[in-house]
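Below you'll find the structure, written out as C-alpha cells, and then a few comments.
Read the figures in this text as sums done on the coordinates, not as results from a lab. Only a predicted model underlies this, so the values are computations on that prediction, with no experimental measurement involved. With ideal geometry, Cβ positions are generated from the backbone for all residues, glycine too; neighbour counts draw on all protein chains shown.
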Ligand SMILES: Cc1cc2nc3c(=O)[nH]c(=O)nc-3n(C[C@H](O)[C@H](O)[C@H](O)COP(=O)(O)OP(=O)(O)OC[C@H]3O[C@@H](n4cnc5c(N)ncnc54)[C@H](O)[C@@H]3O)c2cc1C
Ligand SMILES: Cc1cc2nc3c(=O)[nH]c(=O)nc-3n(C[C@H](O)[C@H](O)[C@H](O)COP(=O)(O)OP(=O)(O)OC[C@H]3O[C@@H](n4cnc5c(N)ncnc54)[C@H](O)[C@@H]3O)c2cc1C
C-alpha cells in the first residue's frame with residue numbers, strides 16, 4: 001500500500017428516519033479543518049431512502065462532494081447493508097481519512113468496516129489534528145480518553161489507509177451554513193450481496209421521552225442526587241426556562257428513574273458543550289466530568305465544599321441548591337424583564 | 001446449543017488514580033475484575049443454558065493472571081474455559097485482538113458468540129464487531145434481550161431513541177449491555193469446585209491465524225503518547241448566604257455576556 005494513493009477526508013453522514021443527524025454536520029466542520037491542512041477535499045457519504053434531496057445541505061455545511069446512495073434497502077440502518085455500500089465507496093475512492101459519529105450506528109458500522117478494510121480505527125476521539133513531523137511530512141493524530149476518562153491517549157495509524165476515527169456527538173463544532181455553496185453531488189447505485197444478509201428488522205419502538213436533544217442546548221441546568229426528586233427538578237426547570245435552556249442530569253438520577261436516559265450527561269450518556277452549564281447537587285465523578293467539562297462556563301452549586309465538581313467549575317457556590325436555585329430563577333426573571 | 005462468551009480481565013477503572021507527580025496511572029492496589037458488560041454476556045449465556053440447554057465456553061486473551069476471571073466464570077456456571085496466552089499476542093490493538101479471538105473461535109464449534117459491548121479500560125467497543133467480520137458472521141450490538149424462535153434468534157437492540165427487534169438467521173455475534181443482564185453471584189460450591197477445574201491454555205500455534213497479523217506487528221494503530229487529562233485551573237469558590245451567592249452568579253453571567 002502506498003499512502004500517497006489515498007486522498008481526501010470522508011465523512012459518514014448519518015441519518016435517522018430521513019433526518020441528517022447533527023453529528024454529521026459537526027464532523028464536516030472538523031473534516032474541513034483537516035482537509036484544508038493538507039490541501040484535500042471533504043467528501044460526505046449519505047445513505048438512505050428518499051434522502052437525495054438533502055445532499056445540498058451537506059455541501060452548505062462544508063462538503064466539496066457528496067456521494068449519495070438512495071434506495072429502499074438503506075431506509076433503516078442495518079449492519080451488513082450499510083457495510084457493503086460504504087465499503088465499496090471507500091474502496092472505489094481511496095480516502096485518506098474517514099470519520100464517523102460515535103453513535104450506536106457509527107460504533108456498529110465503523111469497526112465492521114475497519115476489519116473488512118484491514119485498517120485501524122480510533123474510538124471516541126476528542127481531538128483530531130494534522131501534525132507536522134520532524135521530517136516535514138504530515139501525520140494524522142487522534143486523541144481519545146481511555147480507562148474511564150482517567151487517561152488520554154494520542155493514537156496514530158502510520159501504515160494503513162484509510163485512517164479512521166469515531167467522534168462523539170457534541171464534541172466538534174459545526175460551521176455556519178453557507179447557502180448556495182457549490183459542490184458536486186454524485187449518485188452511487190448499490191449492489192447487494194444478499195447471501196451475506198442474515199439480519200432482518202422486525203420492529204422499531206421509539207422510546208419517546210419527547211424531550212429535546214440536550215447536546216443542542218446553549219444552556220443546561222443539570223441536576224444530581226442532591227436534587228432529590230421530581231419536585232427538585234421542577235425548580236431546575238424554572239431556572240432553565242428563564243435562561244432559555246434545558247434540564248439535564250447525572251446518571252444517579254437516571255438510574256433512580258427520576259430522569260430519562262436521554263437527559264444523562266457523561267461517559268455513558270451524552271457529551272455536551274453548552275455556553276453555560278449549571279451543575280446542581282452533582283458531585284463531579286470523572287464519568288460525569290467527561291461529558292461536560294468542555295462547556296463554555298460552568299457554575300457548580302454543591303453543599304460539600306470539597307466536591308470534585310468544583311475542580312472544573314469556573315464559579316463554585318458552596319450552599320444549598322434548594323434555596324439558591326429558586327432565588328436565582330426569580331432574580332434572573334427580574335433581570336431579563338429590565 | 002454451543003455458546004462462546006468472550007470475557008476480558010480489566011482494572012476496576014472506578015478505583016484508578018493518577019500519580020500527580022509522574023502523571024501515570026497508579027495500578028497498584030487496583031483490583032482486576034471481569035469486565036462488567038462481559039459478565040452480563042455470561043449471564044445471558046447461562047440463562048439460555050437454563051432455558052434451552054447449552055454448553056457455555058468462556059474465552060479470554062490475556063496474561064496468565066487472567067486465569068482468575070475464568071475461574072470466576074466457572075463458579076457462575078460456565079462449562080469450559082480457554083485462556084489464549086502467548087507473547088505473540090502482546091501489544092494488540094482491537095484489530096489484532098479481534099483477529100486472535102476469531103482465530104481461536106474458528107477452530108471451535110458454536111451456535112452463538114457473545115461479547116460485551118465495551119471493555120472499561122480500552123473503552124473502544126470495537127472488538128465484538130471486528131471479530132464478527134473476521135468470522136464472516138452477522139452481528140447485533142447493544143443487545144438487551146435475546147431468545148430463540150425455531151432456528152432463528154430474536155434480539156432486542158437499544159439505540160439512542162429507539163428499541164429495535166431484529167431476527168437473526170444462523171450463528172452470530174451479539175454484544176451486550178451489562179445493565180440488561182444483572183449477573184448472578186458465584187455459588188459457594190461453584191467457587192470450591194472452580195479451582196480444581198481445568199483451564200485450557202492455548203498459544204498462537206494452537207489457533208487458526210496468520211502470525212503476521214497478531215500482536216503489535218498486526219496492529220495498524222499505535223499509541224503515540226498517553227498522558228493524564230489536563231486539569232483546568234479551578235475557578236473561584238464562594239461560600240456565603242444564598243442571596244449573596246445569587247448576586248455573584250448574576251454578576252458573573254453578565255460579565256461573560258451569557259445574559
Ligand atoms: C462505567 C461507569 C460509567 C458511568 N457513566 C456516568 C455518566 O455517563 N454520567 C454520570 O453522571 N455518571 C456516570 N457514572 C456514575 C458516576 O460514577 C457517579 O456515581 C454519578 O455521576 C454520581 O451522581 P451524582 O453526582 O448525582 O450523585 P452523588 O455522587 O451522590 O452526589 C450528590 C451531590 O449532591 C450534593 N448535595 C446533596 N444535597 C445537596 C443540596 N441540598 N444542595 C447542594 N448540593 C447537595 C452532595 O454534596 C453530593 O456532592 C458512571 C459510573 C461508571 C462506573
Ligand atoms: C490508552 C489506550 C488507547 C487505545 N485506543 C485504541 C484505539 O483507539 N483503537 C484500537 O484499535 N485499539 C486501541 N487500544 C488497544 C485496545 O485497548 C486493545 O486492543 C484491547 O485489547 C481491546 O480493546 P478494548 O479494551 O477497547 O475492548 P472493547 O472493544 O471495548 O471490548 C469489547 C468486548 O470484546 C471482548 N474482548 C475485548 N478484549 C478481549 C480479550 N482480550 N479477551 C477476550 N475478550 C475480549 C469482550 O467481550 C469485550 O467486552 C488502546 C489501548 C490503550 C492502552
| query | Could you state the per residue volume, in Å³, of the convex hull enclosing the Cα atoms of segment B:2-213? | reply | 133
| note | Placing each pseudo-label 7 Å from Cα in the direction of the beta carbon, residue A:268 and residue B:256 end up separated by a distance in nanometres of 2.9
| task | Quantify how strongly other chains surround peptide B:2-8 by giving the mean number of their Cβ atoms within 10 Å of each of its Cβ atoms. | result | 0
| Cα centroids of segment B:149-203 and segment B:1-68: how far apart, whole angstrom? | 13
| task | Report, in deg cm²/dmol and to the nearest 500, the calculated mean residue ellipticity at 222 nm for chain B, where each DSSP H run with n ≥ 4 adds -39500 (n - 2.57) and the sum is divided by the residue count. | result | -8000 deg cm²/dmol
| request: Please give the direction-averaged projected area of the C-alpha convex hull for segment A:220-338, in square nanometres with one decimal. | output: 6.4
| task | Report, in deg cm²/dmol and to the nearest 500, the calculated mean residue ellipticity at 222 nm for chain A, where each DSSP H run with n ≥ 4 adds -39500 (n - 2.57) and the sum is divided by the residue count. | result | -8500 deg cm²/dmol
| note | Protection proxy (average C-beta count within 10 Å per residue), highest first, orders B:25-37, B:181-193 as B:25-37, B:181-193
| said: Under the 0.36 nm per residue contour assumption, what length would be gained going from the current alpha-carbon distance of residue A:184 and residue A:135 to full extension? | reply: 14.1 nm
| said: What distance in nm separates the two pseudo spin-label positions at residue B:30 and residue A:118, each 7 Å out from Cα along the beta-carbon direction? | reply: 3.4
| note | Computed Rg/Rh for chain A (Cα atoms; Rh = Kirkwood radius) stands at 1.01
| said: For peptide A:121-127, what's the mean number of Cβ atoms from other chains within 10 Å of each residue's Cβ? | reply: 4
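Looking at segment B:2-213 only, what percent of DSSP beta bridges run antiparallel? Nearest 5 please. Could the numbers behind the result be given before it?
Values: 18 of 43 bridges.
Antiparallel bridges make up about 40 percent of those DSSP assigns within segment B:2-213.
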| Shielding of A:311-321 by partner chains, average beta-carbon count, 10 Å | 6
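Per the Kirkwood definition applied to all pairs of different Cα atoms, how many angstroms is the hydrodynamic radius of segment B:118-259?
21.8
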| remark: Expected unfolding gain across residue A:16-residue A:337 under the 0.36 nm per residue rule, minus the alpha-carbon gap, is 111.6 nm
| How far apart, in nm, are the 7 Å Cα→Cβ label points at residue B:12 and residue A:159? | 4.0
| In what sequence do A:49, A:125 fall when counting other Cβ within 10 Å, fewest first? | A:49, A:125
| note | Counted neighbours (other Cβ, 10 Å), sorted fewest up, put B:2, A:7 in the order B:2, A:7
| R0 of 22 Å, Cβ-Cβ distance residue A:241-residue A:304: FRET efficiency to nearest 0.05 | 0.20
| note | Footprinting proxy, A:258, B:7, B:69, A:90: sorted fewest to most Cβ within 10 Å, the residues are A:258, A:90, B:69, B:7
| query | What is the Cα centroid distance between segment A:306-332 and segment A:274-290, reported in whole angstrom? | reply | 12
| So what are the radius of gyration and Dmax for the Cα set of segment B:203-249, in Å? | 26.8, 72
| When averaged across all projection directions, what area in nm² does the alpha-carbon convex hull of the protein assembly as shown cover? | 28.8
| note | Contour minus Cα-Cα span, residue A:76 to residue A:192, at 0.36 nm per residue, comes to 40.2 nm
| request: Report the FRET efficiency, 1/(1 + (r/R0)^6), for residue B:248 and residue A:275, where r is their Cβ-Cβ distance and R0 is 22 Å, rounded to 0.05. | output: 0.75
| request: Give the Cα extents of segment A:5-131 along the principal axes, in whole Å, largest first. | output: 41, 32, 27
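Take the Cα radius of gyration of segment B:54-103 and divide it by 2.2 N^0.38 Å, with N its residue count; two decimals is plenty.
1.20
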